[in-house]
Amino acid sequence: MFVMEYDGLELDHCPQCEGVWFDATELALLFDGHPDLADEAIADLPDADTDEKGRRCPMCRRSMRKVNIGTGKGVLVDVCGQDHGLFFDRGEVAALAVALPGRDDRASSRLLAFLGETYRGDRAASETEES
């Protein structure tokens, strides 16, 4: 995992799977405090009905549970049961921006800037590793 800082947040990004780890509270901060993304709101979500294999939390190494965040079916993400954070597979952060009720342009702009920085960072890291 690469650690990157964006707008005061320190986020972990995996260049192999292109997933993103958010420590507790970081997701709500990225989305300007959206109420559906508060740690308590996510912790109260029911487990998703899925056959997708769960990940292990990078902090406590326990199996994480799967939940759907957002409207409708939402976006399936991995959540640590010990409240360490959330893991988003490739593309899920962008999908969440679309699936959130009441999203605003400012939060969407921050998200797009974050995604741009994340993937620009991947290219720079890949180029450095290949050299």
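Annotation note: of Asp36, Asp32, the sole residue that is modelled with pLDDT under 85, surrounded by 14 or more Cβ atoms within 10 Å (Cβ to Cβ) and not in a loop (DSSP other than H, G, I, E, B) is Asp36. In this structure, Lys73 does not satisfy being more than 18 Å from Asp12 (Cα to Cα) and not in a loop (DSSP other than H, G, I, E, B).
Condition check: charged (D, E, K, R) and over 18 Å from Ala99 (Cβ atoms). Does Glu5 satisfy that? Steps first, please.
Values: charged (D, E, K, R): yes; over 18 Å from Ala99 (Cβ atoms): yes.
Judged against the criteria, Glu5 is a match.
The values are calculated or read from the model by the stated rules, or taken from the named source; none is laboratory data. Bear in mind that the values here come from a model prediction, so they are computed numbers and not experimental data. Cβ: placed from backbone, ideal geometry, glycine included. Neighbour counts: every protein chain shown.
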